[in-house]
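Every number here is computed from the coordinates shown, using simple stated rules; none is lab data. A quick note: this is a predicted structure, and the numbers were derived from the prediction, not measured. Note that each Cβ is placed from the backbone with ideal geometry, even for glycine, and that neighbours are counted across all protein chains shown.
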Amino acid sequence: MAKVGINIATGALQKEEIIVGIDLGTTNSLIAIIHPESKKPVALKEHDSISLVPSVIHFDDNGNISVGEEAKKYLLTEPGNTIFSAKRLMGKSYKDIRDHSSFFSYKIIDSETESLVKIQVGNKFYSPVELSSFILKELKKRAEHILKTPVTKAVITVPAYFNDTQRQATRDAGKLAGLDVLRIVNEPTAASLAYGLGLQKEDHKTIAVYDLGGGTFDISILRIANGIFEVLSTNGDTYLGGDDIDNVIQNFWLQKEEMNSEKNNKDFLNALRLKAETAKKWLSSKNDFEDELNGHRLKLSISEFEIIIQPIIDKTISCCKSALKDSGLQKDNIDVIVMVGGSTRIPLVKKQVSEFFGKPVNDSLDPDEVVALGAAIQADILAGNNKDFLLLDITPLSLGIETMGGLMDVLMPRNSKIPAKVARQYTTQKDGQGAMKIGVYQGERDLVKDNRKLAEFNLTGIPGMPAGLPKVEVSFLINADGILVVKAKELRSGVEQSIHVQPQYGLSDEEVEQMLLASITHAKEDIDIRALREAQTEGEQLLRTTEKFIQKNSGKLSAHELMETAETMQALQLALTMNDKNLIHAKTEELNNISRPYAERIMDEVVAEALKGKNV
Ligand code: ADP
Ligand code: MG
């Protein structure tokens, strides 16, 4: 049943608003929709042109911006004003990309290493979010031109390993381009959807998505059950792809004696690079490549090609092994292999991936388009034209808040499935405490100072109550996009505060790995320090309550009791300053033993008095 809207002002029939699917790629981007008649996903293209828009932005001296093929022409001639691979910079600080800074031929500002990167072109500065928005704007413009209708709603895909910051940055880029981003979807999930996987409720499958693009390689292991996608593991190499294949071909030719004279001729090298890509594409369907450049003969046979690219394929296969290992599965457990990315057109790649998993691969769809096609299917689901799905992910690191003694209290353990919601109750430590600081952290260590701080906020306006009485519920909600919302609410009074967590900058895969490793290396140390902090907190609390009790009831205590208590309190106070858990425990115990008898006696007296007064 088709839905038809009526424009109330004019009475005219209104076309249903279209939601587009966008693959915002490192090398190429494209946009797809569900065809209104065939109901099949199609990539948008003008007449006989191609659907791919190179993810390249060129700025000319007059401030004009061009995007796509037009901009790509300037890649080699105007490297300073021609931006490629902006996706690699999304949500990153200079510190994150420092090791790869020579990869970028344009100027990346390196003065502030901790904050989000900026790119300088002429005398202007651009953030990766702005740069990506230029690409999205171009895609939107093309789609509007082809569809002859405004396009304002989109689903955009991101790599499965993108963290909160990178996802949020992608959303922001969409917003800047005038798009309402209804959902951020993982690229491997979109690719699976394009192959129709998971579209039937009874589909229960484990899928390996092998994505070899222009500059990146990703392998993801997904599981689909009951219409829910779950990312079991991801692996890959963020600096490995078709560009490296072009490189090895170029070097193969350069090694030939007769090209020695050209080794420093930049124009020649640039042209040779383009010939290398042409040869590579040619060899995906033919056996021999032959051409010439500046009088040099360029020859490459399929067998030579396969020998020189073998090390690159080997690297991808070893990533597949790691991904399998992390997912806890064996090759036999993989039901379907999906091929994504332009470089999977290479027959040897298909052959070896298929041999590794011991199954034929799915390659019937255009590997350039498959992610965008899947995004269009997801868009259609969101438009209500298809039943809804949840897209599940897992959190790479634990999330928690700081509690007494600087300890990390984990609310959401690592590898939690998202979307997810958890809540825990806390209370105040001081009488009449009107505010509570909530520090949100990510990581596996026991002390928050060793973890990564994501955010901090104050819950204020807690009405005056004795310590321990307020009930502050802290909840963590991670939505399907992987964005965390932290809320704190005092349940007795209803005061509440919440924040969206947008960390300052993202973590690289290596950093996540390092944080996990550190938590293992420091495990023993962490357990010890946690025990010490817990002992200290307990001791401090006992000191406070005893002090309060004595102040209130000093008249009811004997001189001996008062003296003995004061002495033990002093001993405990001293123990607290020494990092000896056992000593603190012993002194806490001692103070408890001394105060318990008179505390009970006085409580009895108070109760008796109260009963008397009430004349029961
Ligand atoms: P990304 O996801 O990084 O944006 P793509 O999936 O668009 O990248 O892949 C681009 C890469 O695919 C380029 O390196 C391009 O040279 C390569 N490629 C495209 N067609 C072929 C082909 N027929 N054979 C081999 N490689 C190809
Ligand atoms: Mg891609």
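Would you list which aspartates and glutamates come within 19 Å of LYS95, measuring only between C-alpha atoms, while excluding same-chain residues fewer than 8 positions from it?
Candidates past the 8-residue exclusion: ASP110, GLU112, GLU114, ASP164, ASP237, ASP450, ASP509, GLU510, GLU511, GLU513.
Mind grabbing the base-10 log of I(q)/I(0) for the range 46-89 at q = 0.17, 0.21, 0.24 Å⁻¹? Debye formula, identical points on the C-alpha positions, no solvent, two decimal places.
Normalising to I(0) and taking log10 leaves -0.48, -0.67, -0.81.
Post the alpha-carbon centroid distance, the range 223-289 to the range 60-133, in whole angstrom.
Rounded to whole Å, the Cα centres lie 22 Å apart.
Rounded, prolate or oblate, given the Cα gyration tensor of the chain, with a/c below 1.5 counting as rounded?
It comes out prolate by the Cα gyration axes.
What shape does the range 525-611 have by the C-alpha gyration tensor, where a ≥ b ≥ c are the square roots of the eigenvalues, rounded means a/c under 1.5, and otherwise prolate means a/b greater than b/c and oblate the rest?
The shape class here is prolate.
Which ³J(HN,Hα) values, rounded to whole Hz and listed in residue order, are derived for the range 236-247 from phi using the Karplus coefficients 6.51, -1.76 and 1.60 in 6.51 cos²θ - 1.76 cosθ + 1.60 with θ = phi - 60°, glycine and proline given as x?
Karplus values, whole Hz, x for Gly and Pro: x, 9, 6, 10, 8, x, x, 4, 5, 5, 4, 4.
Can you pull the one-decimal nm distance between simple spin-label points at GLU304 and LEU254, each 7 Å off the Cα toward Cβ?
1.6 nm
Using the count of nearby Cβ atoms within 10 Å as a rough guide to exposure, how do SER51, SER303 rank from fewest to most?
SER303, SER51
Test of understanding: what is the full-extension gain from VAL485 to ILE317, defined as 0.36 nm times their sequence separation minus their Cα-Cα distance?
56.7 nm
In nm, what is the difference between 0.36 nm times the number of residues separating GLU534 and ASP203 and their Cα-Cα distance?
114.3 nm
Let's test the formula: R0 of 51 Å, r as the Cβ-Cβ distance of GLU78 and ASP580. What FRET efficiency results, to the nearest 0.05?
0.15
Taking the Cα centre of the chain as origin, work out the dipole magnitude from +1 charges on Lys and Arg Cβ and -1 charges on Asp and Glu Cβ, in debye rounded to 20.
1360 debye
On the principal axes of its Cα set, how long, how wide and how thick is the range 200-364? Give whole Å, largest value first.
For the range 200-364, the Cα spread along each principal axis is 61, 27, 22 Å.
Counting residues in the range 273-425 as N, plug N into 2.2 N^0.38 Å and put the Cα Rg over that result.
1.53
Where a Cα-Cα gap under 22 Å defines reach, which lysines qualify for LYS315, not counting those fewer than 8 residues away within the same chain?
LYS280, LYS281, LYS325, LYS331, LYS350, LYS351, LYS359
Can you classify the range 121-191 as rounded, prolate or oblate using the Cα gyration tensor, where a ≥ b ≥ c are the square roots of its eigenvalues, rounded means a/c under 1.5, and otherwise it's prolate if a/b beats b/c and oblate if not?
oblate
Over the range 525-611, what is the mean sequence separation of C-alpha contacts under 8 Å (at least six apart), divided by residue count, expressed as relative contact order in percent?
Averaging sequence separation for qualifying contacts and normalising by length gives 38 percent for the range 525-611.
Could you give the length gained by full extension between ASN264 and LYS430, i.e. 0.36 nm per residue of separation minus their alpha carbon distance, to one decimal place?
Additional length available on full extension: 52.5 nm.
Give the order of TRP253, TRP282 when sorted by the count of other beta carbons within 10 angstrom, beginning with the fewest.
The most exposed by this proxy come first: TRP282, TRP253.
So for the chain, averaging the separation of alpha carbon pairs under 8 Å that are six or more residues apart and normalising by length, what relative contact order in percent results?
11 percent
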